[in-house]
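First comes the structure, then the notes that go with it.
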Amino acid sequence: MPTPAVSVLMPFHGAAPFLGASIASVCAQTRTDWELMLVADAPGAEARAVARAAAEGDPRIRLLDTGARGPAGRGAAQARNLGLAQARGGHIAFLDADDLWAPEKLERQLAFMAETGATLSHTAYIRASGEHRTRVAARDRLDYAAMLGPNPMGCLTVIYDRHRLGAQPMPELPLQHDYALWLRLVRLGGPARGLDEVLATYRVAPASLSADKRAAVRDIWRVWRREEGLSRRRSAGALWRYAVFSLRHRRGGIGRLLPGR
C-alpha cells in the first residue's frame, strides 16, 4: 500500500455504542489517503467486534491491541503510543472512539497546514453534552506562553507533521497527556496554528476521565513542574489562568471565552 498522508490514532476501551460512528466519520473523509490505527485497550467483546469488522472491511484500518486484560486497561496515552509506533503516515491525527469528524476535516486541515507552513494545527469543534451544543473556537496562533493555562486545543482536532517534528509519544499520565504533548510540540516546532472552522464534534460523557476535575488539576500541575520543568511561580501563574477559565466556563460556556466567537 502507498504511504498514507496521515495516520489517525484511535484507542478504544468501553465505547461500543459510539465506536462504529467514530470509525465511519473517518471512512467518510473526502481525502482518502489515511490509515486508521484502532488500538484495543481491554475493550468489551462488542467494541472489539465492531473494530474487527471495520478492519476486515477496509485495508486502511489496522487493529492493534495493548495486551491489557484487566478492566482498567493500560490507558489512553499508552494505547496511542502503541498506534504511533506502528503508524506510517507523514502526519499524525487523533480521534477518540466516541467523537466525530466532519467529512472535509482532513482535506481542509492538511491544506491549511500546507498553506501556512504549520507543523502543528487544530480546528474549532462542537462540544456536545446531551442537548447542549457549544462551539469551541480555534485561536490563530498559540505560542508557548499562550499554552500555559487551560488546554486550548481539542485532541480530536489536532494534527502534527511527523516528518518535521518526529514521532512524539504522549507522556503516560492518566490525564493531561495530550496537553503535555502539545507543549512539547510547540517547543519543537513553533506556534500551533488554528483553523477556526468547526470540523469535529466532541461528545461529553459524564463518566469520562475528563470529568475528574481534581485529577485533571493534579496532572496539569505535574505537566508544568515535571514534564516542562517550570518554576513553582510560573506554574502557579498558569494554574491561576486555568482556574479563572474554569470558573468562567461554568458560568458562561466555553465557546464565549475563546477568540473567534
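Annotations
- Segment 103-139: number of residues that are modelled with pLDDT under 95, among the charged types (D, E, K, R) and not in a strand (DSSP E or B): 1
- Looking across segment 85-102, just one residue is over 17 Å from residue 33 (Cα atoms) and assigned to a helix (DSSP H, G or I), and that is 85.
- Under the condition of being surrounded by fewer than 21 Cβ atoms within 10 Å (Cβ to Cβ) and over 19 Å from residue 20 (Cα atoms), the residues counted in segment 90-128 number 12.
- Matching option when the condition is over 20 Å from residue 204 (Cα atoms), hydroxyl-bearing (Ser, Thr, Tyr) and not in a loop (DSSP other than H, G, I, E, B), among 22, 7: 7
- Of the residues making up segment 99-158, those that are touching a residue at least 40 places away in the same chain (Cβ under 8 Å) and of a type in the set (D, E, K, R) are 99, 104, 105, 107, 108, 127, 135, 139, 140, 141, 143.
- For residue 71, the test of being over 26 Å from residue 118 (Cα atoms) and touching a Phe, Trp or Tyr at 6+ places or on another chain (Cβ under 7 Å) is failed.
- Being under 19 Å from residue 100 (Cα atoms) and either of a type outside the set (A, V, I, L, M) or touching an Asp or Glu at 6+ places or on another chain (Cβ under 6 Å) (or both) holds for only one residue in 77, 40, and it is 40.
- Condition check for residue 195: of a type outside the set (D, E, K, R) and outside any loop (DSSP other than H, G, I, E, B): yes
- The set of residues in segment 40-67 that are in a helix (DSSP H, G or I) and among the basic types (Lys, Arg) comprises 48, 52.
- Taking residues in segment 193-205 that are on the phi > 0 side of the Ramachandran plot, and partners anywhere that are modelled with pLDDT of 95 or more and hydrophobic (A, V, I, L, M, F, W, C), not one pair has Cβ atoms closer than 9 Å while being at least 6 places apart or on different chains.
- No other residue among 77, 97 is farther than 25 Å from residue 1 by Cβ and under 18 Å from the mean Cα position of the chain (by Cα) apart from 77.
- When residue 178 is tested against (1) surrounded by fewer than 20 Cβ atoms within 10 Å (Cβ to Cβ); (2) of a type outside the set (Lys, Arg); (3) within 21 Å of residue 89 (Cα to Cα); (4) in contact with a Lys or Arg (Cβ under 9 Å, 6 or more places away or on another chain), just one condition goes unmet, and that condition is (1).
- Hits in segment 19-57 (condition: surrounded by fewer than 14 Cβ atoms within 10 Å (Cβ to Cβ), closer than 18 Å to residue 107 by Cβ and not aliphatic (A, V, I, L, M)): 30, 32
- Condition check for residue 236: among the small types (Gly, Ala, Ser), modelled with pLDDT of 95 or more, in a helix (DSSP H, G or I) and out of contact with any Pro (no Cβ under 6 Å at 6 or more places or on another chain): yes
The values are calculated or read from the model by the stated rules, or taken from the named source; none is laboratory data. Note that the structure is a prediction, hence the values are computed from the model and not measured. Using ideal geometry, Cβ is built from the backbone for each residue, glycine included, and neighbour counts are taken over all protein chains shown.
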